[in-house]
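This report concerns only the one structure given below.
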Amino acid sequence: MVSIIYILWLRQLKRYFRSRARMIGSIGQPLLFLVALGFGFGPIYQKAGGGDYIQFLAPGIISMGILFTAIFSGIEIIWDKQFGFLKETLVAPVSRFQIMAGRTLGGATVALFQGIIVFFISLGAGFHPTLATLPLALVFAILIAILFTALGTAIASILDDMQGFQLIMNFIVMPIFFLSGSLFPLQGLPKAVELVAYMNPLSYGVDGLRGTLIASSHFGLLHDFAVLSAVALALMGIGGYLFSKIEV
């Protein structure tokens, strides 16, 4: 079991580090949001009494970098379906859940690297995190990566078309990001928006990073950790089940 998970994990990392265009391109959107919103809305946020907007925004943008990389890792499953590599993997004498676990952990590791890159970029933009709680922030980043990689794997397991995957992901990813509190505080929202934000698992990831990096938490760190862990485990189970039903 350990060997197949390690092989698939290593394969995901090799794919990522061999593609320089992918590495550079995947930081473009977080960088744009960080610079355009951070410096564009910063003065307005400060005049409204919110303080330094970069400090508030950076944890949300780090979550964004992890989210997009993690959930779009599911495209590789569809790619492998079309080019036959998945069929070769599925005939191996191991359970499909082990294969799914290896792919998920590999995609989550790549997404975590992406979040770390965005973190260092945010430092250059003026972000000043609390260094003592960085290990706790890493725990929340790992949970976010695993959760959304498992979600991407689950969705890709029931699709055969890359275009369809991208359309569905855009329909899911953008609302998840914008309604997570990444760009604005969750206090004082309309009830309907607040309800959606509370049902959004990324809200707890962003809040966990914000609580550990700048000591500002809306839900509480234990609550964030419990929700993220429970949803990640549930999605791993759902993803494993759907992956086991793949026909190639």
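Readers should treat all values here as calculations from the given coordinates under stated rules, not as data from a laboratory. Since we're looking at a predicted model, the values are computed, not measured. Heads up, the Cβs are rebuilt from the backbone with ideal geometry, glycines too, and the neighbour counts pull from every protein chain shown.
Spin-label model, LEU134/ALA215: points 7 Å from Cα along the beta carbon direction are separated by 1.8 nm. Converting phi to 3J(HN,Hα) with the Karplus coefficients 6.51, -1.76 and 1.60 and the offset θ = phi - 60°, the range 52-58 yields 6, 5, 4, 4, 6, 6, 4 Hz in sequence order, with x at every glycine or proline.
Computed from phi, the 3J(HN,Hα) profile of the range 204-217 under the Karplus parametrisation 6.51, -1.76, 1.60 (θ = phi - 60°) reads 7, x, 4, 5, x, 5, 5, x, 7, 8, 10, 6, 9, 10 Hz, with x in place of Gly and Pro.
Report the calculated FRET efficiency for TYR198 and MET174 (r = Cβ-Cβ distance, R0 = 22 Å), to the nearest 0.05. Rounded to the nearest 0.05, the efficiency is 0.75.
In this label model, GLN29 and ILE75 are separated by 1.0 nm, measuring between points 7 Å along each Cα→Cβ vector. Phi-derived couplings, Karplus 6.51 cos²θ - 1.76 cosθ + 1.60 at θ = phi - 60°, listed residue by residue for the range 31-36: 5, 4, 4, 5, 6, 5 Hz, with x used for Gly and Pro. Of GLU76, GLU194, the sequence from fewest to most neighbouring Cβ atoms within 10 angstrom is GLU194, GLU76.
Tell me, in nm to one decimal, what length is gained between SER229 and ASP161 on full extension, where the rule is 0.36 nm per residue of separation less the Cα-Cα distance?
21.4 nm
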